[in-house]
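The values are calculated or read from the model by the stated rules, or taken from the named source; none is laboratory data. Bear in mind that the values here come from a model prediction, so they are computed numbers and not experimental data. Reconstructed Cβ throughout: ideal geometry from the backbone, glycine too, with neighbour counts over all protein chains shown. Just the protein is used for accessible areas: all its heavy atoms, side chains included, with ligands, DNA and RNA removed. Shrake-Rupley method; radii C 1.70, N 1.55, O 1.52, S 1.80 Å.
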Amino acid sequence: MSLDTAETGPRPGRLTAHEARQRLEHARNSRLAQLRALKETGQSTDDHLVSAQTEAIQRVLTEIDEAFARVDDGSYGTCEGCSKPVPAERLEILPYTRHCVACQRRAAA
């Protein structure tokens, strides 16, 4: 799914910049709520599980911020591996993703 600017309007299978920002904002708010919940457990940050969860959430928050930058520069929704549009379904699940499934698999291998 590629991003369409307000000037060209949305086309089937594409997100407007506004829609992309809404999805990213929702993802950010969800991760921030998870961080608050972890802090409210009262467990020590020395706890390895809490520490690992906190680090994972922080990584996703960084990815979300980078996705906002891609919305701004017009590259949101384009795979960084193959330069093809990332499918709409993938962006619905992971609005901050940089890659299509095939390129993500290659990157993880």
Out of (1) exposed (fewer than 12 other Cβ atoms within 10 Å of the Cβ); (2) of a type in the set (A, V, I, L, M); (3) modelled with pLDDT of 90 or more, the one Leu49 does not meet is (3)
Are there any pairs, at least 6 apart or on different chains, whose C-beta atoms fall under 8 Å, with the first in region 45-67 and within 23 Å of Pro95 (Cβ to Cβ) and the second open to solvent by 50 Å² or more (accessible area, probe 1.4 Å) and among the polar types (S, T, N, Q), and if so, which?
-> Gln53/Gln34; Thr54/Thr45; Ile57/Gln34
Of all residues in region 68-90, which are open to solvent by less than 70 Å² (accessible area, probe 1.4 Å) and part of a loop (DSSP other than H, G, I, E, B)?
-> Gly74, Ser75, Tyr76, Gly77, Cys79, Gly81, Cys82, Val86, Pro87
If Thr62 satisfies every condition in (1) open to solvent by less than 50 Å² (accessible area, probe 1.4 Å); (2) out of contact with any helix residue (DSSP H, G or I) (no Cβ under 6 Å at 6 or more places or on another chain) but one, which is the exception?
-> (1)
Would you please name the residue that is nearest to the chain's Cα centre (by Cα), looking only at residues in region 91-109 that are open to solvent by 90 Å² or more (accessible area, probe 1.4 Å) and not β-branched (Val, Ile, Thr)?
-> Glu92
What is the number of the single condition among (1) open to solvent by less than 60 Å² (accessible area, probe 1.4 Å); (2) more than 9 Å from Tyr96 (Cβ to Cβ); (3) small (Gly, Ala, Ser) that Gly42 does not meet?
-> (1)
Can you tell me how many residues in region 71-109 are within 17 Å of Glu25 (Cα to Cα), of a type outside the set (Asp, Glu) and without any contact (Cβ under 8 Å) to a residue 60 or more places away in the chain?
-> 4
